[in-house]
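Notes to accompany the following structure.
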Amino acid sequence: MTSRELVKRTLHFESPPRIPRQAWILPWAETHHAEAVARLRRDFPDDIVAAPPAYKTAPKTVGDRYALGRYTDEWGCRFDIPEQGTIGLVRSPRIGRWEDLEDFQPPEEILSLDKEAVNRFCASSDRFVLAGTVQRPFERLQFLRTMEQSLIDLMEQPPELFSLLDRIHGLYLREVEVWAQTDVDAINLMDDWGTQSGLITSPEIFRRIFKPMYAEYAEIARSYDKAVFMHSDGHILEVYPDLIEAGIEALNSQVYCMGVETLGRDFAGRITFWGEMDRQRILSDATPEDVESAVHRFWEELYRDGGVIAQCEFGLRARPENVHKVFETWEAISQLNLRRGE
């Protein structure tokens, strides 16, 4: 069975013969733990990959996304990067005053996707292929206005806020359509909605303003027979049912932050848990025995003839031996519980 078939059976709860896997390896890990990264890729190759975003008209960016210093993305948002190989923060707004909307143009270049190049990539691999970009309306608002100001905007809700969101969402709708017309297997959404203990904003704001956006992206994806994947950090338990209703099929979230047992009780069998292993404690500080126990807990609570993808992030503070142990344990679970037909 190919990786593509393996992931599809997982998404459809059709008893795959192995737990599919994917390691998120940040450039920081490549720099600081090159040998461990090479070993991980050799021992446990990914079943899920992202297609390269090949464009006929290159989006305008300045700098390197992961290099120390400053990076400006295709939307004109400036990120300060405090450490080589990590993701930066936006400290100054692209749209500081609503008057700046007059000169703001979303980057139409992202619609100039070279579909033939993407299709060649998909045809060259038997792995499950995600779109090589993400739609992130909530985070994009924060990048354009800064996080602090965007939260004020969402509380005050001036008409200019909705004008900006319409521009963001409108371009993302067209971008989803462009990618859905290629041979990728899924589109890929991303918005961090949680703090350590709850939502960043109210569930009412999420449901009234942003949930319909996700539902529209998912509707387009379904019309082209594409799956819908999403990443969202933090304690997002309150909106898990909404994300399922919106059409999210695989969700990457911090399950240990919310409670593995709670998620298993309420949502196992309804959505695929696309990881993830606990970055705050397990990957950074745990013993190998603790790592093995955590993976087994994940398996026991969340697996329902599928619905689980072995994923974790090899990033800042993660111990190489713990990341390797995660995938080693998932492989052992597959051998003992799936391949032997138990």
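Here are the numbers for this structure:
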quantity: Cβ pairs under 7 Å, 6+ apart, first in region 51-69 and in contact (Cβ under 8 Å) with a residue 24 or more places away in the chain, second of a type in the set (A, V, I, L, M) and assigned to a loop (DSSP other than H, G, I, E, B); calculated: A51/A131; A51/V184
quantity: Qualifying positions in region 289-298 - of a type in the set (D, E) and in contact (Cβ under 8 Å) with a residue 24 or more places away in the chain; calculated: E292
quantity: Positions within region 311-340 being touching a residue at least 60 places away in the same chain (Cβ under 8 Å), surrounded by fewer than 21 Cβ atoms within 10 Å (Cβ to Cβ) and assigned to a loop (DSSP other than H, G, I, E, B), in sequence order; calculated: G315, L316, R339
quantity: Among (1) surrounded by fewer than 18 Cβ atoms within 10 Å (Cβ to Cβ); (2) modelled with pLDDT of 95 or more, the one test that F273 misses; calculated: (1)
quantity: Elements of type helices (runs of 4 or more DSSP H) in region 150-268, at least 2 residues being in contact (Cβ under 8 Å) with a residue 40 or more places away in the chain and closer than 30 Å to E116 by Cα; calculated: 159-180, 211-223
quantity: In region 241-256, the residues that are surrounded by 20 or more Cβ atoms within 10 Å (Cβ to Cβ) and either under 14 Å from L302 (Cα atoms) or modelled with pLDDT under 95 (or both); calculated: A250, L251, N252, S253, Q254, V255
quantity: Residue list for region 6-42, restricted to those being within 20 Å of the chain's Cα centre (by Cα) and aliphatic (A, V, I, L, M); calculated: L6, V7, L11, I19, A23, I25, L26, A29
quantity: Search result, residues across region 118-144 that are in contact with a strand residue (DSSP E or B) (Cβ under 9 Å, 6 or more places away or on another chain) and either in a loop (DSSP other than H, G, I, E, B) or over 23 Å from A250 (Cα atoms) (or both); calculated: S125, R127, A131, G132, T133, V134, R136, Q142, F143, L144
quantity: Some residue of region 230-240 being closer than 14 Å to A131 by Cα, of a type outside the set (K, R) and crowded, with 17+ Cβ neighbours inside 10 Å; calculated: yes
quantity: Selection from region 15-44 of residues that are of a type in the set (D, E, K, R) and out of contact with any Lys or Arg (no Cβ under 8 Å at 6 or more places or on another chain); calculated: R21, E30, E35, R39, R41, R42, D43
quantity: Tally of residues being surrounded by fewer than 15 Cβ atoms within 10 Å (Cβ to Cβ), among the β-branched types (V, I, T) and on the phi > 0 side of the Ramachandran plot across region 116-159; calculated: 0
quantity: Selection within region 270-288 - in contact with a helix residue (DSSP H, G or I) (Cβ under 9 Å, 6 or more places away or on another chain) and either in contact (Cβ under 8 Å) with a residue 40 or more places away in the chain or within 18 Å of V7 (Cα to Cα) (or both); calculated: R270, I271, T272, F273, G275, E276, M277, I282, L283
quantity: Residues of region 190-206 classified as closer than 30 Å to K8 by Cβ and surrounded by fewer than 22 Cβ atoms within 10 Å (Cβ to Cβ), total; calculated: 3
quantity: Selection within region 272-310 - in a loop (DSSP other than H, G, I, E, B), on the phi < 0 side of the Ramachandran plot and of a type in the set (D, E, K, R); calculated: E276, D278, R279, R281, R304
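The values are calculated or read from the model by the stated rules, or taken from the named source; none is laboratory data. Note that this is a predicted model, so its numbers are computed, not measured. Every residue, glycine as well, gets a Cβ built from its backbone with ideal geometry; the counts of neighbours run over all protein chains shown.
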